[in-house]
1. I need every pair where a residue in segment B:355-366 that is farther than 11 Å from B:Leu390 by Cβ has its Cβ under 7 Å from the Cβ of a residue that is hydroxyl-bearing (Ser, Thr, Tyr) and surrounded by 16 or more Cβ atoms within 10 Å (Cβ to Cβ), sequence separation at least 6 or different chains.
2. Mind checking whether some residue in segment B:261-282 is at pLDDT 95 or above, among the polar types (S, T, N, Q) and open to solvent by 20 Å² or more (accessible area, probe 1.4 Å)?
3. For segment B:331-376, name all the residues that are crowded, with 19+ Cβ neighbours inside 10 Å, out of contact with any Phe, Trp or Tyr (no Cβ under 7 Å at 6 or more places or on another chain), within 24 Å of B:Met165 (Cβ to Cβ) and of a type outside the set (Ser, Thr, Tyr).
4. Just name the residue that is modelled with the highest pLDDT out of those in segment B:63-103 that are in a loop (DSSP other than H, G, I, E, B) and more than 10 Å from chain A (Cβ to nearest Cβ).
5. Kindly check whether there is at least one residue in segment A:32-55 that is hydrophobic (A, V, I, L, M, F, W, C), modelled with pLDDT under 55 and open to solvent by less than 90 Å² (accessible area, probe 1.4 Å).
6. Being out of contact with any strand residue (DSSP E or B) (no Cβ under 7 Å at 6 or more places or on another chain) and among the polar types (S, T, N, Q) is the filter here, so list the residues in segment B:385-431 that pass it.
7. Find the residue count for segment A:62-76, including only residues that are open to solvent by less than 20 Å² (accessible area, probe 1.4 Å) and within 7 Å of chain B (Cβ to nearest Cβ).
8. Do we have any residue at all in segment A:83-103 that's at negative phi, surrounded by 15 or more Cβ atoms within 10 Å (Cβ to Cβ), within 9 Å of chain B (Cβ to nearest Cβ) and modelled with pLDDT under 90?
Amino acid sequence: MFVFRNIVGAVVAMAFSGIALAQQTEPSDQEAVEREDAYFDQIGRGAEAWVDTCGRCHNLRAPGELPPELWDVSVTHMRVRANLPGDMAEDIKAFLMMSSESMTEEPASGVDE
Amino acid sequence: MTNFFKQSRHSLRHLLHVTAATVLVLALAAQAHGQDGPDPNAASRQAQGGGYLPRLSGQNFSADTSWHLAGYADATFVFSDLDGESSSEFSRVRFNPAFHFQYQDLILFEAEMEIENTETGTEVVLEYAQANLLVHDNAVIVVGQFLSPVGQFQERLHPSWINRMADMPAGFGHGGAQPGSDTGIMVRGGFNLEPGLFTYSLAIGNGPRVGHEGDLELEAFNSDDNDDKAISGRFGFMPRPNLEFGTSFLTASVTGLEVFDGGGDHVDARAFGKLGNEEEHHELEPGEADLFVWGLDMAFTEGPWDIRVEYLNSVRDPLNTAFEGATEVVAFEELRSTAWYAQMAYRLSGTAEFPALANFEPTIRYGEFEIEGHEELAEHSAEQRLDVGLNYWMSPTLVVRGVVQSREFTARHEGEIDEETRMLLQLSYGF
């Protein structure tokens, strides 16, 4: 009886541990999804802000004109010059860096040239 | 009445001093508060991608420092017809590299120099050299030599690849009503009003000086010739993304010059018809005068349209000063000047039926520069100017343009040449 109770106790404990682990894992996945959604929301906002704010003074420069890391510093320069709020500049930066990166990405290995 | 306005200007300047000091203190406090983490989102960004922003591929841009070489270059050919006397020349070649160095999301240092050919050789001028502290989403502190925030042309439109014409509007270049630059400290930023935007720039600097002709040098100096700091700024409001209204100001004191020593032919100042009589001239000492500039600007930039209007008004109080060639200090009367322009450009990409024309952009600009209180300056610079041009955009930052310019000098004496027609051809590249 004692042994049986211990086995039941261990199973119950493991079950609760599993539930607890599952509870930890689920939000984690959820967070990743939310983070990805937030990132793509940011890209969308950035694309819109890029058209609205950059075109206010000069022609729009194509994202592929600079490599991603140069958009980082270039947009900071424009943030100061055009008095853009920091969060808006971050959105534009995210859009330009992502677009530039996708435009300058090398073909995956194994792809016929 | 004049005293009332003068006192009002003094009160306004004191109010601006207090406001500027308050904003600076608040901004510095914000920076101090954020010293442990100037970018509150940095940790989450690091967690997401190990870099500055979440990455879609394996590339990593997490380095703390980055830099960028930007700028512009242009070459201009001018054909001029000055009342029947024609000339043609390759007049201007400029190379304006701008260096941007950034450390994290904390500071951006940037500097631009202008390398230009002149009649006497190569000229190198520092346009600006400034450190930008990114203290808050809505505030950047700028320290150093910066372009004047007054108006929209100087700070945002003057690079030739951005400017829709081959030169500056009348009264907006050197010797005009537009302040060019200053040395000091500035707080600037913007607030997203969803969908509108509010922007501000507020600067304290050494301020302008009296020029060698008794005019104003509205450029940056690395020392101050009086105790009064210049305060300038601009406030912009965009009710919708493509429509902007701005108002700006500059208030400062300028100090009269001592008589120039040696060199050149001395001129009897009385011959210039300034105020006062002979006895008074011998007793005059250089004095100080208040300067107040205010302006309004508007921009509409929707689709292929680019429409801009800008107005500047400048008043310098009466001033005792010497000028180049004068043998004594002279009492100059109040110096007033106004400069304005209206400009319209239409990119033919808006006419989809003619794709071959999509890269062309017709432009037109009319502007006036008026000066009262300095006869020689008015005679030289006051004008009405009409520009009609055509841009051909080879790429978004590479343009060839042709401009026909008609100038009428409005303060010339009878018998003097008061009309000029010019044709300007320009190649400009922004990088």
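The values are calculated or read from the model by the stated rules, or taken from the named source; none is laboratory data. Being a predicted model, the structure only gives us computed values, none of them experimental. Cβ atoms come from the backbone with ideal geometry, glycine included; neighbour counts cover every protein chain shown. With ligands, DNA and RNA removed, areas are computed over all heavy atoms of the protein, side chains included. Shrake-Rupley method; radii C 1.70, N 1.55, O 1.52, S 1.80 Å.
1. B:Ala358/B:Ser349; B:Arg365/B:Tyr341; B:Tyr366/B:Tyr341
2. No.
3. Across segment B:331-376, the qualifying residues are B:Gln343, B:Ala345, B:Arg347, B:Phe369, B:Glu370, B:Ile371.
4. Per the criteria, the residue is B:Asp64.
5. Looking for residues that are hydrophobic (A, V, I, L, M, F, W, C), modelled with pLDDT under 55 and open to solvent by less than 90 Å² (accessible area, probe 1.4 Å), one finds none in segment A:32-55, hence no.
6. B:Ser395
7. Just the residues of segment A:62-76 that are open to solvent by less than 20 Å² (accessible area, probe 1.4 Å), to begin with: A:63, A:68, A:71-76.
Still in the running and within 7 Å of chain B (Cβ to nearest Cβ): A:68, A:72-74, A:76.
Of the residues in segment A:62-76, 5 are open to solvent by less than 20 Å² (accessible area, probe 1.4 Å) and within 7 Å of chain B (Cβ to nearest Cβ).
8. yes
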